[in-house]
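For reference, the structure discussed in these notes is given below.
The values are calculated or read from the model by the stated rules, or taken from the named source; none is laboratory data. All figures in this text were calculated on a predicted structure; none of them were measured in a lab. Every residue, glycine among them, receives a Cβ derived from its backbone with ideal geometry; neighbour counts consider all protein chains shown. These area figures cover heavy atoms from the full protein model, side chains too; ligands, DNA and RNA do not enter into them. Shrake-Rupley method; radii C 1.70, N 1.55, O 1.52, S 1.80 Å.
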Amino acid sequence: MDKMTDDELRAFREQKVAELKHRAYEVRSEQVADGAIYPRIFFCTVYYTPKESGFTAERGFDATPITVPGLHGRKYPRAFLLAVKKEGFGRINEAVDGRNYIRWMGDRRYAFADEPVGRRGEVLVPRRSCAISSRNKFLRQHALLKIKSQTVNEETGSDEWFVCDTGAAVHPLQIDLYWGEDEPRGAIGRQRARPRGTWMEYAFEVEVTAKR
């Protein structure tokens with residue numbers, strides 16, 4: 001997928017998601033002693049906490065310092081604030097009143113925060129926490145998932161994940177895996193939404209066991 005253009009990847013994603021939606025209507029989960037196995041109807045992506053340190057003009061980002069409602073006049077790079085809006089939280093270079101993060105509050109407002117948290121205030125754990133859609137018909141919040149996927153397992157080093165977050169843009173068949181704190185891979189196209197530490201963008205047709 002790294003060799004695909006943004007448009008090619010978008011088309012490929014739409015095709016694969018359509019296939020998964022069709023399969024989800026046809027297959028049934030397999031009930032096992034410790035939970036249920038869902039055979040290859042989900043796909044995984046990665047989200048992260050962007051670090052202000054990576055959003056520099058030298059790297060090609062719009063580093064224009066601006067302030068926004070909720071930050072009490074303190075200024076941050078424009079590109080960094082846009083990344084925080086997309087990802088939910090961001091790590092700042094210098095703490096403010098002991099707080100090392102800012103978060104997107106919605107309605108054009110930000111706020112300083114102690115740490116990145118999920119839907120009900122659980123602290124997000126790198127390579128452990130994950131988010132699902134509120135429209136997911138198969139999985140639930142606080143479920144423990146075992147994900148079988150060569151891409152996920154090799155890129156993240158983990159196969160067990162805890163559902164403790166939701167995302168407004170998360171697809172009903174998507175599992176968004178929390179990578180942790182990182183700088184963005186680059187300033188061009190989709191690289192802006194990718195952490196530097198992994199090449200993973202999508203893992204399709206993953207097998208998921210939701211444990212009881």
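State all residues of region 168-212 that are closer than 18 Å to residue 144 by Cα and not β-branched (Val, Ile, Thr); if no residue qualifies, say none.
First, pick out the residues of region 168-212 that are closer than 18 Å to residue 144 by Cα: 172-179, 206-212.
Hits for region 168-212 are 172, 173, 174, 176, 177, 178, 179, 207, 210, 211, 212.
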Exercise. Which number in (1) buried (at least 18 other Cβ atoms within 10 Å of the Cβ); (2) touching a Pro at 6+ places or on another chain (Cβ under 9 Å); (3) not small (Gly, Ala, Ser) marks the one condition that residue 117 misses?
Worked result: (2)
Problem set entry | Identity of the residue in region 1-60, without any contact (Cβ under 8 Å) to a residue 40 or more places away in the chain and of a type in the set (A, V, I, L, M), that ends up nearest to residue 191 (Cα to Cα) | 4
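Please verify whether region 172-179 includes one or more residues that are surrounded by fewer than 18 Cβ atoms within 10 Å (Cβ to Cβ), out of contact with any Gly (no Cβ under 7 Å at 6 or more places or on another chain) and either at positive phi or of a type in the set (Lys, Arg) (or both).
Looking only at region 172-179, we keep the residues that are surrounded by fewer than 18 Cβ atoms within 10 Å (Cβ to Cβ), and these are 172.
The next check asks that each one be out of contact with any Gly (no Cβ under 7 Å at 6 or more places or on another chain); those that pass are 172.
From what is left, the residues that are either at positive phi or of a type in the set (Lys, Arg) (or both) are none.
The answer is no, given that none of the residues of region 172-179 is surrounded by fewer than 18 Cβ atoms within 10 Å (Cβ to Cβ), out of contact with any Gly (no Cβ under 7 Å at 6 or more places or on another chain) and either at positive phi or of a type in the set (Lys, Arg) (or both).
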For this session: Scan region 17-59 residue by residue and report those that are surrounded by fewer than 17 Cβ atoms within 10 Å (Cβ to Cβ), part of a helix (DSSP H, G or I) and touching an Asp or Glu at 6+ places or on another chain (Cβ under 8 Å).
Result: 53
Problem set entry | Of residues in region 67-92 being in a loop (DSSP other than H, G, I, E, B) and among the small types (Gly, Ala, Ser), the one most open to solvent (accessible area, probe 1.4 Å) | 73
For this session: May I ask you to verify whether residue 151 is open to solvent by 30 Å² or more (accessible area, probe 1.4 Å), under 12 Å from the mean Cα position of the chain (by Cα) and of a type in the set (S, T, N, Q)?
Result: no
For this session: Take residue 26 and decide whether it is modelled with pLDDT of 95 or more and among the acidic types (Asp, Glu).
Result: no
Problem set entry | Members of region 125-139 found to be surrounded by 15 or more Cβ atoms within 10 Å (Cβ to Cβ), touching a Pro at 6+ places or on another chain (Cβ under 9 Å) and either in contact (Cβ under 8 Å) with a residue 60 or more places away in the chain or part of a loop (DSSP other than H, G, I, E, B) (or both), listed by number | 133, 136, 138
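Take residue 9 and tell me if it is among the hydrophobic types (A, V, I, L, M, F, W, C), surrounded by 15 or more Cβ atoms within 10 Å (Cβ to Cβ) and within 13 Å of residue 202 (Cα to Cα). Give the derivation first.
Numbers: among the hydrophobic types (A, V, I, L, M, F, W, C): yes; surrounded by 15 or more Cβ atoms within 10 Å (Cβ to Cβ): yes; within 13 Å of residue 202 (Cα to Cα): yes.
Yes.
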Exercise. Limited to region 154-171, what total is found for residues that are open to solvent by less than 50 Å² (accessible area, probe 1.4 Å), under 23 Å from residue 13 (Cα atoms) and out of contact with any strand residue (DSSP E or B) (no Cβ under 7 Å at 6 or more places or on another chain)?
Worked result: 1
For this session: Would you mention how many residues in region 93-112 are of a type in the set (Gly, Ala, Ser) and either surrounded by 14 or more Cβ atoms within 10 Å (Cβ to Cβ) or not in a strand (DSSP E or B) (or both)?
Result: 2
Problem set entry | Considering residues of region 99-113 that are within 15 Å of residue 74 (Cα to Cα) and not aromatic (Phe, Trp, Tyr) only, the residue nearest to the chain's Cα centre (by Cα) | 103
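Among 17, 46, which is the only one that is modelled with pLDDT of 95 or more and in contact with a Lys or Arg (Cβ under 8 Å, 6 or more places away or on another chain)? Spell out the reasoning first.
Working: 17 fails: in contact with a Lys or Arg (Cβ under 8 Å, 6 or more places away or on another chain).
Going through 17, 46 in turn, just one is modelled with pLDDT of 95 or more and in contact with a Lys or Arg (Cβ under 8 Å, 6 or more places away or on another chain): 46.
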